[in-house]
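Before any comments, here is the structure.
The values are calculated or read from the model by the stated rules, or taken from the named source; none is laboratory data. Computed from a predicted model, the values in this text were never measured in an experiment. Every residue, glycine among them, receives a Cβ derived from its backbone with ideal geometry; neighbour counts consider all protein chains shown. Surface areas here come from the heavy atoms of the whole protein model, side chains and all, with no ligands, DNA or RNA. Shrake-Rupley method; radii C 1.70, N 1.55, O 1.52, S 1.80 Å.
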Amino acid sequence: MTVPTVMDKDRLAAFVDGELSPEEAAEIVIHLADHPGDQVYVDDLMAANEALAQAFSAPLQEPVPDPIREASMKSPQADTIVPFRRRPLAVVSAGLALAASVALAAVLLPELQRGSPERIVALGPVPLGSQLNDMLGTLSSGVPVTLDGGEDVMILATLPVENGFCRELEVVDAAKDRLDFGIACHDSDGWTVEVMLSEPLSNADLEDGFVTASGAEVQSLQPFLERLGAGPALDAKAEAEAMAQGWVR
Amino acid sequence: MSDQFKKDLVGLVPRLRRFALSLTGNQADADDLVQSACVKALKHEAQFRPGSRMDSWMYRIVQTLWIDDHRRAKSRGTQVDAEDAGLSDGGRAARLPEDRMMLARAQEAMAALPEKQRTVLSLVAIEGLSYKETAQVLNLPLGTVMSRLSRAREALLPQLGMTKGPMQ
């Protein structure tokens with residue numbers, strides 16, 4: 001039978017997890033002496049922590065596997081790169097207006113919608129013969145390309161969707177402290193940039209969430225990708241086959 | 001790319017493998033995850049701020065990649081490999097049968113937790129990060145870390161044959 005107790009279990013957990021000051025911890029110790037129900041809970045938490053630590057301890061006693069050691073000691077190979085989805089600050093979907101109440105996105109919007117000539121990625125159809133069109137059509141995922149202007153471009157992944165394929169790409173412009181991210185999808189008319197994201201490069205990995213065209217904040221691109229019916233990213237072989245077939249499913 | 005960065009990265013691999021194992025439930029997937037994280041770290045070395053904690057940075061990369069992978073293979077779920085269920089170390093960590101059963105139960109209980117709770121519990125209870133450090137790694141408010149931790153333990157303890165918590 002569980003013995004009734006008086007102390008909040010989150011505070012007991014904080015004690016077990018070493019979150020309390022020495023003075024606070026000392027108070028808990030004194031409290032536990034007179035409250036067996038709390039003492040049982042603390043003992044259980046400690047036992048659970050110990051069980052978890054042991055249950056997953058095997059890697060600490062094993063040598064570093066060769067593939068991981070090799071991957072850590074040499075330059076990354078394109079085929080081994082797994083897309084690392086950032087959490088961009090602002091997103092604009094093609095054909096939709098951004099909520100005016102979102103101040104920062106509103107600042108970014110005019111430039112994005114204009115499709116500034118300085119940008120590699122711009123919303124809307126990708127002109128045939130353009131640099132972007134060539135990269136979307138022929139560049140394998142994970143292969144970095146540095147453009148004449150100094151921008152680093154990489155296709156992050158190819159995702160199969162209901163009517164064809166979409167490709168995620170990012171453009172890092174260190175000189176302008178800018179990170180652009182786009183999702184371009186292919187249909188019978190060619191490539192179209194469906195989503196455009198942008199944030200200061202210095203904020204990359206620091207900002208959380210982005211803003212949809214409806215102004216609602218969400219935590220990832222997953223809802224958008226799900227609306228497209230996107231499946232798992234293609235592996236290198238499947239991507240090469242799709243490329244060879246002109247991105248037609 | 002500095003040699004010291006690579007050496008530091010290799011030095012972190014055992015802990016990263018442990019963290020990844022707690023997320024994925026089997027060593028093969030965990031190693032794939034860690035390998036991808038190392039590749040990603042090398043590619044983004046310039047984003048690492050010298051003087052900051054590399055382990056926290058790497059935990060975050062592993063966790064982000066895991067979420068990404070999880071989305072791509074959502075239907076797969078976490079698979080606890082029988083070979084890994086307390087036995088992957090040849091039983092060195094648990095010689096008594098009841099200990100081995102407890103370890104297997106701990107792995108199964110972790111795998112049964114929602115992904116977000118599992119990640120927080122792993123960083124706190126296994127990796128030994130403070131609540132604040134966990135919040136920084138996962139880019140979450142401190143209160144969210146604590147509530148996920150609380151819910152994770154509420155689900156975990158009964159599966160380990162322990163109390164569900166003191167009566168309030």
Show me the helices (runs of 4 or more DSSP H) found entirely inside the range A:130-249 where at least 1 residues are in contact with a helix residue (DSSP H, G or I) (Cβ under 9 Å, 6 or more places away or on another chain) and at pLDDT 75 or above. A:131-138, A:236-244
With criteria (1) without any contact (Cβ under 8 Å) to a residue 40 or more places away in the chain; (2) more than 8 Å from every other protein chain (Cβ to nearest Cβ); (3) assigned to a helix (DSSP H, G or I), B:S150 comes up short on (2)
For the range B:1-43, enumerate the residues that are part of a loop (DSSP other than H, G, I, E, B) and open to solvent by 20 Å² or more (accessible area, probe 1.4 Å). B:M1, B:S2
Take the range A:46-73 and flag every residue that is in contact (Cβ under 8 Å) with a residue 24 or more places away in the chain and more than 7 Å from chain B (Cβ to nearest Cβ). A:M46
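Does at least one position in the range B:104-117 carry a residue that is at pLDDT below 55 and not in a helix (DSSP H, G or I)? Walk me through how you get there before you give the answer.
Taking the range B:104-117 and keeping what is at pLDDT below 55, we get none.
Looking for residues that are at pLDDT below 55 and not in a helix (DSSP H, G or I), one finds none in the range B:104-117, hence no.
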Mind checking which pairs have a first residue in the range A:18-42 that is within 11 Å of chain B (Cβ to nearest Cβ) and in contact (Cβ under 8 Å) with a residue 40 or more places away in the chain and a second that is of a type in the set (S, T, Y) and open to solvent by less than 30 Å² (accessible area, probe 1.4 Å), Cβ under 6 Å, 6 or more apart or different chains? none
Filtering the range B:113-147 for residues that are free of Cβ contacts under 8 Å to residues at least 40 places away in the same chain and within 7 Å of chain A (Cβ to nearest Cβ) leaves a count of 5
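Which residue, of A:A25, A:A48, is at pLDDT 50 or above and closer than 27 Å to B:I67 by Cβ?
On the way: A:A25 fails: closer than 27 Å to B:I67 by Cβ.
Result of the check over A:A25, A:A48: A:A48.
If you check B:V34, B:V13, which single one turns out to be in contact with a Lys or Arg (Cβ under 7 Å, 6 or more places away or on another chain) and either at pLDDT 85 or above or more than 9 Å from every other protein chain (Cβ to nearest Cβ) (or both)?
Values: B:V13 fails: in contact with a Lys or Arg (Cβ under 7 Å, 6 or more places away or on another chain).
So the residue among B:V34, B:V13 that is in contact with a Lys or Arg (Cβ under 7 Å, 6 or more places away or on another chain) and either at pLDDT 85 or above or more than 9 Å from every other protein chain (Cβ to nearest Cβ) (or both) is B:V34.
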State whether one or more residues within the range A:146-156 are open to solvent by 10 Å² or more (accessible area, probe 1.4 Å), within 20 Å of B:K43 (Cβ to Cβ) and hydroxyl-bearing (S, T, Y). yes
In the range A:105-129, anything modelled with pLDDT under 75, under 13 Å from A:V193 (Cα atoms) and not charged (D, E, K, R) is listed as A:L112, A:Q113, A:G115, A:I120
